[in-house]
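First the structure, in the form of structure tokens, and then the observations on it.
The values are calculated or read from the model by the stated rules, or taken from the named source; none is laboratory data. These figures come from a predicted structure and were not determined experimentally. Reconstructed Cβ throughout: ideal geometry from the backbone, glycine too, with neighbour counts over all protein chains shown. Keep in mind that these areas ignore ligands, DNA and RNA; they rest on the heavy atoms of the full protein, side chains included. Shrake-Rupley method; radii C 1.70, N 1.55, O 1.52, S 1.80 Å.
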Amino acid sequence: DAALLTLNTRWGERLASSREGDPVLVEQFRHLAGTLHTAQTTNGLRLILVTSAEDREGKSSLAANLAASIARSDKRTLLVEGSLRNPSVHSALQLDPAAQGMAELLRGEGVGCGRRRHVTCLVSGAGF
């Protein structure tokens with residue numbers, strides 16, 4: 001079963017779930033993380049995919065905020081940025097955009113993961 005989530009709020013290139021973020025959005029992400037935790041314990045949920053049909057619909061922002069919210073509850077959290085054309089997760093987590101990542105992994109080269117705000121992140125990488 002898949003859950004449909006609609007989020008129509010823009011918060012720019014910072015984490016809405018951070019301490020200095022909008023308290024309403026912070027609470028929404030905490031609630032969503034709690035709901036996913038319940039799904040994990042009852043159904044064995046271990047992987048969350050965030051996707052959409054169009055560009056600029058907030059996939060990266062949603063994924064980064066959700067990862068940060070889940071990590072705050074002491075859950076090991078790995079965020080993989082799959083967008084090689086328009087990467088933006090590195091901005092939200094304040095990571096180096098030129099760091100080795102998914103592009104290097106796909107080429108069979110060694111990679112490293114960045115860590116920020118309790119989230120381990122595999123960024124898109126330096127590109128092809």
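Report every pair of residues separated by at least 6 positions or lying on different chains whose Cβ atoms are under 8 Å apart, first residue within the range 104-117 and within 20 Å of residue 63 (Cα to Cα) and assigned to a strand (DSSP E or B), second open to solvent by 70 Å² or more (accessible area, probe 1.4 Å) and at pLDDT below 85.
Taking only residues 6 or more apart or on different chains, the pairs are 114/96; 116/94.
Can we say residue 119 is out of contact with any Ser or Thr (no Cβ under 8 Å at 6 or more places or on another chain), of a type in the set (Val, Ile, Thr), buried (at least 20 other Cβ atoms within 10 Å of the Cβ) and within 26 Å of residue 22 (Cα to Cα)? Outline the logic, then answer.
Details: out of contact with any Ser or Thr (no Cβ under 8 Å at 6 or more places or on another chain): no; of a type in the set (Val, Ile, Thr): yes; buried (at least 20 other Cβ atoms within 10 Å of the Cβ): yes; within 26 Å of residue 22 (Cα to Cα): yes.
Judged against the criteria, residue 119 is not a match.
Evaluate the following for residue 83: is it within 22 Å of residue 68 (Cβ to Cβ), crowded, with 16+ Cβ neighbours inside 10 Å and among the polar types (S, T, N, Q)? Spell out the reasoning first.
Working: within 22 Å of residue 68 (Cβ to Cβ): yes; crowded, with 16+ Cβ neighbours inside 10 Å: no; among the polar types (S, T, N, Q): yes.
Spelling it out, it is not the case that residue 83 is within 22 Å of residue 68 (Cβ to Cβ), crowded, with 16+ Cβ neighbours inside 10 Å and among the polar types (S, T, N, Q).
Every residue, every condition in (1) surrounded by fewer than 20 Cβ atoms within 10 Å (Cβ to Cβ); (2) touching a helix residue (DSSP H, G or I) at 6+ places or on another chain (Cβ under 8 Å), yes or no:
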{"position": "43", "(1), (2)": "yes, no"}
{"position": "52", "(1), (2)": "yes, yes"}
{"position": "66", "(1), (2)": "no, yes"}
{"position": "76", "(1), (2)": "yes, no"}
{"position": "79", "(1), (2)": "no, yes"}
{"position": "108", "(1), (2)": "yes, no"}
{"position": "123", "(1), (2)": "no, yes"}
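Report, ordered by the first and then the second residue, all pairs with beta carbons closer than 6 Å, sequence separation of six or more or different chains, a first member in the range 26-47 that is more than 14 Å from residue 71 (Cα to Cα) and in contact (Cβ under 8 Å) with a residue 24 or more places away in the chain, and a second member that is charged (D, E, K, R) and surrounded by 14 or more Cβ atoms within 10 Å (Cβ to Cβ).
none
Could you give me the residue pairs with C-beta distances under 6 Å whose first residue belongs to the range 61-74 and is among the polar types (S, T, N, Q), whose second residue is in a helix (DSSP H, G or I) wherever it lies, and which are 6+ apart or on separate chains?
Final answer for the pair search is 65/29; 69/29; 69/30; 69/33.
When you check residue 85 against the structure, is it of a type in the set (D, E, K, R) and without any contact (Cβ under 8 Å) to a residue 12 or more places away in the chain, yes or no? Let's see the steps before the verdict.
Details: of a type in the set (D, E, K, R): yes; without any contact (Cβ under 8 Å) to a residue 12 or more places away in the chain: yes.
Spelling it out, residue 85 is indeed of a type in the set (D, E, K, R) and without any contact (Cβ under 8 Å) to a residue 12 or more places away in the chain.
Need the failing condition index for residue 101 against (1) open to solvent by 70 Å² or more (accessible area, probe 1.4 Å); (2) modelled with pLDDT of 85 or more, just the number.
Status for residue 101: all satisfied but (1).
Of the numbered conditions (1) of a type outside the set (Gly, Ala, Ser); (2) assigned to a loop (DSSP other than H, G, I, E, B); (3) over 19 Å from residue 32 (Cα atoms), residue 121 fails exactly one; give the number of that condition.
Of everything listed in (1) of a type outside the set (Gly, Ala, Ser); (2) assigned to a loop (DSSP other than H, G, I, E, B); (3) over 19 Å from residue 32 (Cα atoms), residue 121 misses just condition (2).
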